[in-house]
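The values are calculated or read from the model by the stated rules, or taken from the named source; none is laboratory data. No experiment lies behind these values; they were computed from the predicted model shown. For neighbour counting, all protein chains shown are included, and Cβ atoms are generated from backbone atoms with ideal geometry for every residue, glycine included. Surface areas here come from the heavy atoms of the whole protein model, side chains and all, with no ligands, DNA or RNA. Shrake-Rupley method; radii C 1.70, N 1.55, O 1.52, S 1.80 Å.
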Amino acid sequence: MAAIADLGAVRRGCCRATVVEPMHSTLALSQVPCSPSWQRGLRWLAMVLLLSWASGCASLPANTNRTASKAFADPGSTPLGQLVQARRAQAGTRSDSAFYLLDGVDAALASRLALIDGARRSMDLQYYAIHADASTEVLLQRLREAARRGVRVRILLDDFNTVGEDTQVLRLAFEPNVEVRLFNPVPGTRNTMLGRVVTSLHDVERLQKRMHNKMFIADNAWGITGGRNLGDQYFGIGDKQNFVDLDVLAAGRIVRDMSTSFDRFWNDELAYPVQSLLDKEDLDLLRRSAPQSSSAQGMPAVQPAKPAMPVMPVTASPTVLPSVIPSEVVQADRPPIDLRAIPLVWAPSTLMVDEPGKVGPGDDEANAGETVIDGLMNLMQAARTEVLIISPYFVPGPRMMSVYEQLRKRGVRVRLLTNSLASNDAPLAHAGYARYRKALLDIGVEIHELRSDPETAGALIGSDGGRSDKRGSWFGGAGGSKGNSSSRASLHSKAIVIDRYLSVIGSMNLDMRSQLKNSEAGLVIRSTALAQQVSRQVEQTIDTTTYRLDQRGDRLVWRAPPGVSFKDEDSEPGASAKLKLFVRVLGPLAPEEML
């Protein structure tokens with residue numbers, strides 16, 4: 001999910017340069033106003049051109065100082081591995097892998113805390129984005145404690161989002177027993193996202209190709225994968241927007257497959273140790289973000305160039321992210337989930353994952369080879385009765401459209417849950433999807449779009465993992481959203497259910513970006529019980545917090561479900577006139593493979 005800079009509309013007396021916020025390929029846009037005077041406009045343009053020219057001189061250092069390493073080879077010797085063996089014996093099953101759906105924010109955070117607390121030998125994290133905020137502070141603090149008791153911690157992070165305040169996450173690289181690597185790094189400033197984009201315009205192709213995998217593995221025995229990045233918006237306490245997301249906790253043999261994939265990315269030539277990339281500007285930014293009385297003093301001395309620097313400990317401090325204000329919602333001493341008691345589903349499974357080379361330089365089709373999206377299309381083509389798709393960003397392209405058309409011709413029911421324009425954090429991605437809506441409806445695909453209002457956020461971002469009977473919605477905890485009461489909901493879950501017995505849960509969107517540019521991962525689980533659990537929750541969401549698209553002549557109509565408090569709409573529900581105009585004007589100009 002790389003971000004791109006989009007050309008803003010130029011109007012009389014005002015120009016606007018649009019900047020992306022790193023959530024999706026096109027991402028949410030914020031605006032930087034320019035002076036109404038043409039003189040200041042010219043100065044702004046000159047600065048952009050100068051930065052772009054200067055960035056042509058920027059280059060990455062040789063990645064020669066990384067040391068190969070592999071996942072811990074004997075998980076059965078650890079308490080977590082022994083717990084898996086005990087629970088398998090207790091279940092009396094022949095299946096070697098177990099699963100537990102993490103369909104609520106409490107379960108998502110508490111399960112990660114349980115894995116960190118239970119780890120004795122290794123913690124391996126692979127993420128597209130880790131944001132420096134309250135929920136991440138809790139996780140990073142626990143990781144630091146684990147490292148200090150002798151657990152080896154490896155964190156592999158896509159480089160794109162390591163800018164501004166989020167650069168603080170890299171402080172963990174200077175802890176003993178912790179290694180942090182950045183995948184497919186982008187040369188240029190880390191001060192702001194705008195600066196990063198502008199100084200990378202000479203290499204847009206690198207900017208576009210991102211590592212989108214998400215894994216959280218403890219002792220090579222238990223692991224988590226799905227659509228969730230790490231940050232407040234993914235754990236229900238975002239101020240303005242919260243993501244409706246989905247993970248699965250896995251145990252047993254399938255986790256070793258996850259670790260094998262992690263190792264391939266970790267040891268790939270595109271994975272750079274943080275110490276080989278940090279320069280004086282980066283370290284100064286970290287210092288400015290930290291109070292002088294805390295661990296800012298413990299940062300390594302600034303070097304004039306970018307040689308590989310030795311891992312150095314920071315001085316003891318109560319927080320990993322010194323500038324993060326403690327949250328009343330996310331408490332550092334909150335209890336982890338009880339891995340001994342959670343109901344596990346033992347089932348046959350496989351891991352679908354793209355190769356690291358998909359993100360590398362060169363032709364997209366040649367690099368991609370057989371991708372996760374190709375595998376999903378093959379699974380769908382074997383469907384007999386129904387396919388249920390949950391994809392927040394949905395830009396099918398010709399090949400995927402052909403698969404859906406073939407399914408419908410065979411009488412297979414195809415249902416899609418995706419974002420509305422108002423709930424989508426990537427307006428241009430919505431524009432790419434909107435091109436296909438009428439064609440999808442014409443072949444009989446059922447489309448449901450998520451509402452974005454605070455009421456929906458309160459219903460879907462729950463506190464008990466969707467297991468409360470007090471709300472009839474997907475992640476509907478009795479407590480509702482735990483962030484700002486005015487925050488809005490945005491779908492971020494990625495899953496497919498085929499014939500009510502096969503589930504795929506992972507990082508992939510059904511769009512051209514996941515097919516051609518980003519690396520993705522997904523678990524394929526053959527379990528009727530798990531598939532029905534996902535299906536029931538999606539159907540509850542469809543029945544309470546979505547619109548179903550319909551056609552009236554040549555116009556789209558958004559139908560409200562029976563018995564809800566909101567009504568039918570004849571234009572993009574909840575979206576402002578400004579947002580609709582933006583998508584209408586710029587949407588047709590965006591290439592599908594970049595959406």
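For the reader, a short list of remarks on this structure follows.
- Gained length - ASP499 relative to ARG94, 0.36 nm times residue gap less alpha-carbon distance: 143.5 nm
- Taking 0.36 nm per residue of separation and subtracting the Cα-Cα distance, full extension of the segment from THR385 to THR260 would add 41.6 nm.
- Extended-chain gain in nm, criterion 0.36 nm per residue less alpha-carbon gap, GLN85 and ASP570: 169.0 nm
- With all protein chains in place and a 1.4 Å probe, the accessible surface of the range 96-150 carries 41 percent carbon and sulfur.
- Remark: the range 493-574 carries a charge dipole of roughly 280 debye about the Cα centre, counting +1 on each Lys and Arg Cβ and -1 on each Asp and Glu Cβ.
- Estimated distance in nm for a label pair at LYS70 and GLN551, the labels positioned 7 Å out from Cα along Cα-to-Cβ: 5.6
- Rounded, prolate or oblate (a/c below 1.5 giving rounded, otherwise prolate when a/b exceeds b/c) for the range 221-269 by Cα gyration tensor: oblate
- Rounded, prolate or oblate (a/c below 1.5 giving rounded, otherwise prolate when a/b exceeds b/c) for the range 489-573 by Cα gyration tensor: oblate
- Links that overshoot a 25 Å alpha carbon limit, given the list LYS214/LYS409; LYS70/LYS214; LYS517/LYS578; LYS358/LYS438: LYS214/LYS409; LYS517/LYS578; LYS358/LYS438
- Comparing Cα centroids, the range 212-228 and the range 115-181 end up 13 angstrom apart.
- Heavy-atom accessible surface of the range 221-276: percent carbon and sulfur, 1.4 Å: 40
- Each label was represented as a point 7 Å from its Cα along the Cα-to-Cβ direction; for ASN378 and GLU165 these points are 4.4 nm apart.
- Couplings 3J(HN,Hα) of the range 399-413, computed from phi: 5, 5, 4, 4, 5, 5, 5, 5, 4, 5, 5, 8, x, 7, 6 Hz, in residue order, whole Hz [Karplus 6.51 cos²θ - 1.76 cosθ + 1.60, θ = phi - 60°; x for Gly and Pro].
- Sequence-distant aspartates and glutamates (8 or more away, or on other chains) whose Cα lies within less than 16 Å of LYS240: GLU21, ASP133, ASP232, ASP425, ASP453, GLU455
- Calculated FRET value between LEU581 and ASP442, using beta carbons and R₀ = 25 Å, to 0.05: 0.40
- About the centre of its Cα atoms, the range 537-592 shows a dipole size close to 240 debye [charges on the beta carbon of Lys, Arg (+1) and Asp, Glu (-1) only; nearest 20 debye].
- Solvent-accessible surface of the range 359-441, averaged per residue with a 1.4 angstrom probe and all protein chains in place: 33 square angstrom.
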